[in-house]
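Everything below concerns the one structure shown next.
Please treat every number below as a calculation from the coordinates, not as lab data. Since the model is a prediction, treat every value here as computed from it, not as a measurement. Using ideal geometry, Cβ is built from the backbone for each residue, glycine included, and neighbour counts are taken over all protein chains shown.
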Ligand SMILES: [Zn+2]
């Protein structure tokens, strides 16, 4: 334990980020998270309490990746709500995110847009995720980098997709240099596995880490020294991201 503390301190001090252990803990930043979900997503999850439990699992999984990655950031759930009048018709994850991010439905002064605006103003969360069922293509989840908006399929709330998209929201990128070194999976041009990258036993074997060359998972470094590192990107952007709205 002592060794770990010293290692963590020396690594951060070398990067010029902190001077002392006390300042490290003082700079810990909480990002408050709000989540909306559609009626079809709630139904697919098996009801309101189920989808809420899934979102809480996603928050826990995100912190299980943020904490050991030494990002000094943590995610807290603030409020979750059903958006009964938010229509998924004709949308995939990408187009649903576009509407959610721009509150596009407000332009037509729709009930859905008004509900969203009211919710956001009420809960004052830094980040807003929308969970949809989305019949069409468009992937498992998408985030607009650094915007505080993301959207995922309801079936992915309990999976690495959740901390992956939140990672994008706090400046993390897809890059081979950002992910675990020395595992053949990560050398493949598969962008979906480079943020919370594969731990080396296939695409479903995800390392619960944001890449950091000073942090190992199963004895392998989770990042590449001297290159862009997602844990460092999150550390540097966390205060600004926590004040996004
Ligand atoms: Zn991604």
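Structure summary
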item: Debye-sum result for the stretch 30-122 in log10 I(q)/I(0), which assumes one identical scatterer on each alpha carbon, at q = 0.19 Å⁻¹; result: -0.99
item: Label-to-label distance, nm, for residues given as residue 245 and residue 123 (7 Å Cα→Cβ offset); result: 1.0
item: Inter-probe distance in nm under a simple model that places probes 7 Å from Cα toward Cβ, at residue 102 and residue 60; result: 3.8
item: Length gained when the stretch residue 85-residue 110 is fully extended (0.36 nm per residue, less Cα-Cα span); result: 8.1 nm
